[in-house]
Amino acid sequence: MEKPELGKSYDAGDLAKLCGEEEDIRYGYYAFVGDRATVIAQDEGNDIVKVTEIIRNRPECPKCEAPIDSIYTSRTVQLVYSSDKWSEEQADRYNNYGCPECGEELSVEDLDELGVPEEGR
Ligand SMILES: [Zn+2]
């Protein structure tokens, strides 16, 4: 599914669909409030509107393009036995991330694209 883009012009009905709603609310400027996106657009005539502000855009999986609001994570840790006890070996620790819709593994670049902050990984 395509996302609304800032500064791009759309047919008003098409933009409403991109935002995930049936009807637009008009105040001279248009406000499209849907479950996928909320945008403000300017009337350009002939039912064409130009996106002037994106209030909210739901993230999409870079692999399957499904709208997602969660990411699966799993952490792999190697335990090492030394000095008569088990402990985590930090060097061998890594995380996996996956899309809840398609199950594809998400790479570091995918996480960047989704805007997942470094400290949350
Ligand atoms: Zn996916």
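Just so you know, all these numbers are worked out from the coordinates, no wet-lab data involved. Since the structure is predicted, the reported quantities are computational estimates derived from the model, not experimental observations. Glycine gets a Cβ as well: all are built from the backbone with ideal geometry, and neighbour counts include every protein chain shown.
A compact table of results
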item: J(HN,Hα) series, the stretch 112-121, from Karplus relation 6.51 cos²θ - 1.76 cosθ + 1.60, nearest Hz, glycine and proline x; result: 4, 4, 7, x, 6, x, 3, 6, x, 8
item: Space enclosed by the convex hull of the alpha-carbon atoms of the stretch 9-57, per residue, Å³; result: 57
item: Non-local Lys pairs in the chain, i.e. 8 or more apart or on different chains, that have alpha carbons under 23 Å apart; result: 7
item: Gained length - Asn96 relative to Glu109, 0.36 nm times residue gap less alpha-carbon distance; result: 3.4 nm
item: Relative contact order computed over the chain (Cα-Cα under 8 Å; 6+ residues apart), in percent; result: 17
item: Rotationally averaged projected area of the chain (alpha carbon convex hull; nm²); result: 9.2
item: Mean Cβ count within 10 Å, highest first, over the residues of peptides 53-59, 68-74, 30-36; result: 30-36, 53-59, 68-74
item: Backbone HN-Hα couplings from phi across the stretch 60-72 [Karplus 6.51/-1.76/1.60, Hz, Gly and Pro as x]; result: 10, 4, x, 8, 10, 6, 6, x, 10, 10, 8, 9, 6
item: Cα-centred dipole magnitude for the chain, charges only on beta-carbon of K, R (+1) and D, E (-1), debye, nearest 20; result: 260
